[in-house]
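Undergrad: What follows is a single structure, and I will ask about it in a moment.
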Amino acid sequence: MQAKIDAVLEAKAAAGPPATAEAMGGTSPQPTPRSLETIEERMGEISPQTVNAIRQAMARARAADDAGDKAATSKLWPTCGAFGQ
């Protein structure tokens with residue numbers, strides 16, 4: 001699930017303009033999903049509300065996955081993935 005979300009976000013980032021020095025400020029030179037999210041938010045590519053919604057959806061999906069609830073995990077994936085489109 002996380003890999004699918006990461007792939008959607010990476011594709012969106014690759015399609016956009018390069019990050020400015022201001023957007024990159026304070027992030028690690030090694031990109032992580034969290035640092036990419038921060039940069040995209042700073043650049044205005046995603047809103048703070050969308051970031052929060054993604055985090056909440058991923059928390060629900062992880063909880064379902066941890067519980068072994070494949071049906072719930074499958075239902076939650078479109079909720080998470082829709083934000084990256």
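Undergrad: From the list Ala72, Ala53, Ala64, pick out the single residue that is in contact with a Ser or Thr (Cβ under 7 Å, 6 or more places away or on another chain), modelled with pLDDT of 75 or more, surrounded by 12 or more Cβ atoms within 10 Å (Cβ to Cβ) and part of a helix (DSSP H, G or I).
TA: After applying the criteria, what remains is Ala64.
Undergrad: Taking the condition of being over 30 Å from Ala71 (Cα atoms) and in a loop (DSSP other than H, G, I, E, B), how many residues in region 1-50 meet it?
TA: 15
Undergrad: For a quick check of your reading of the model, give me the residue pairs whose first member lies in region 16-37 and is small (Gly, Ala, Ser), whose second is at pLDDT 75 or above and surrounded by 15 or more Cβ atoms within 10 Å (Cβ to Cβ), with beta-carbon atoms closer than 7 Å and at least 6 apart or on different chains.
TA: From region 16-37, the pairs are Gly16/Glu45; Ala19/Ile39; Ala19/Met43; Ala23/Ile39; Ala23/Arg42; Ala23/Met43; Ser28/Ser35.
The values are calculated or read from the model by the stated rules, or taken from the named source; none is laboratory data. The model shown is predicted, which means the values in this text are computed figures rather than measured ones. Positions of Cβ are backbone-derived with ideal geometry, glycine not excepted, and every protein chain shown enters the neighbour counts.
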